[in-house]
């Protein structure tokens with residue numbers, strides 16, 4: 001029987017993660033990507049690097065450069081925040097491709113011009129610089145550059161101006177500073193690469209034309225307190241500059257019968273949330289099971305598609321609220337529209353909802369079960385509305401349901417000794433314990 005062929009558009013973290021997962025499920029995978037046009041520097045966390053290693057993107061994780069604790073000057077207050085790892089994107093992108101080649105995944109260096117549906121079960125890709133490619137399914141992981149037919153949600157219009165130049169070699173470092181008109185992120189690499197990114201309102205009244213942007217950024221950089229301390233010398237307007245959108249977006253066409261969006265092509269978050277690569281991986285890691293369900297278990301395709309849409313949407317709003325909470329740390333004056341607008345978007349709902357046993361329910365919900373999406377009983381809380389299935393090898397819904405009829409001690413005694421500590425700790429975060437009087441309710445029997 002012919003292996004179904006899947007095209008992954010984009011070789012960033014989301015595309016690479018989805019490609020590896022699909023190969024492990026037995027699909028023939030071709031990754032199509034052209035090279036990034038601007039040599040950006042990005043920050044990431046140890047958690048993301050661990051995730052990359054766990055997926056099989058070891059070379060990509062090793063491209064990260066450790067930096068000391070990040071310097072922060074926010075709302076006039078100085079602090080040192082968590083350690084940040086720096087990624088020079090050309091090096092990181094090459095490492096991602098090396099990981100794909102190591103897994104015997106075909107990578108075509110080309111740009112996708114169009115995607116045509118030539119048959120209900122087949123798509124044809126028109127490529128710039130290569131012949132057409134017929135495939136059974138398409139994973140769009142082209143980031144913010146992915147074409148969108150419509151958006152389900154869009155945040156305040158936000159622009160990032162990226163300035164890069166070569167300075168003195170030295171220790172890697174990163175910093176962040178809030179400004180009246182936005183905020184900036186600063187980075188230095190050991191090879192002397194210097195980076196200053198200013199994120200501001202895309203409708204900034206004083207923004208000049210493209211020809212004057214480098215001089216405008218130099219003027220703004222010279223007026224900031226942290227930049228003068230961070231960079232040994234400032235190049236003025238002699239920088240490589242790139243402008244790109246940083247607006248939060250949620251696509252409406254997240255999953256169809258032959259296409260799926262992952263990473264920034266599905267949802268792009270505000271860089272202030274600090275979760276760019278992490279959220280990209282989150283949607284990409286569930287995609288192989290969704291695709292496999294659509295192709296191999298068509299009766300469950302609607303369940304799988306709804307699962308992907310809801311998970312991505314919930315993640316989008318969670319990260320949007322995290323960004324809102326960071327913006328709220330600045331006490332904005334009435335005229336500081338950049339801050340005031342983002343302190344109110346997307347809504348006023350708490351990022352982390354308080355949980356008590358009375359608010360805990362159990363119900364059926366779609367979950368990733370091995371290589372497919374199926375239904376299982378999960379525990380639903382105000383903070384986890386999509387449900388939690390298992391922990392440390394223990395399905396949690398039966399544990400919560402047992403607490404309605406049995407004592408705390410009796411329920412924990414039924415678990416393996418190695419499982420009790422983790423499950424008991426999780427239950428206590430929900431308000432359960434030896435003296436719990438109320439044990440929640442079930443939505444459906």
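General remarks:
- Over the chain, DSSP H runs of length four or greater, each weighted -39,500 (n - 2.57), average out per residue to a 222 nm ellipticity of -9500 deg cm²/dmol.
- Cα gyration tensor shape for the range 357-442, rounded if a/c is under 1.5, else prolate or oblate: oblate
- For the chain, DSSP calls about 75 percent of its internal beta bridges antiparallel.
- The chain, relative contact order [Cα under 8 Å, separation at least 6], %: 13
- Averaging 1/r over every pair of different alpha carbons in the range 256-406 and inverting the result gives a Kirkwood radius of 17.4 Å.
- For the chain, the longest principal axis of the C-alpha atoms and the axis of helix 13-24 are separated by about 40°.
- Centre separation in Å (Cα based) which lies between the range 244-284 and the range 60-105: 19
- From the coordinates shown, Rg and Dmax of the Cα atoms in Å corresponds to which of (1) 23.7, 72; (2) 29.6, 107; (3) 22.4, 74: (1)
- A straight line joining the Cα centroids of the range 330-366 and the range 159-204 runs 28 Å.
- The chain: angle of helix 417-429 to the longest principal axis, Cα-based, in degrees nearest 10: 70
The numbers here are math on the coordinates, done by the rules we state, and not lab data. Being a predicted model, the structure only gives us computed values, none of them experimental.
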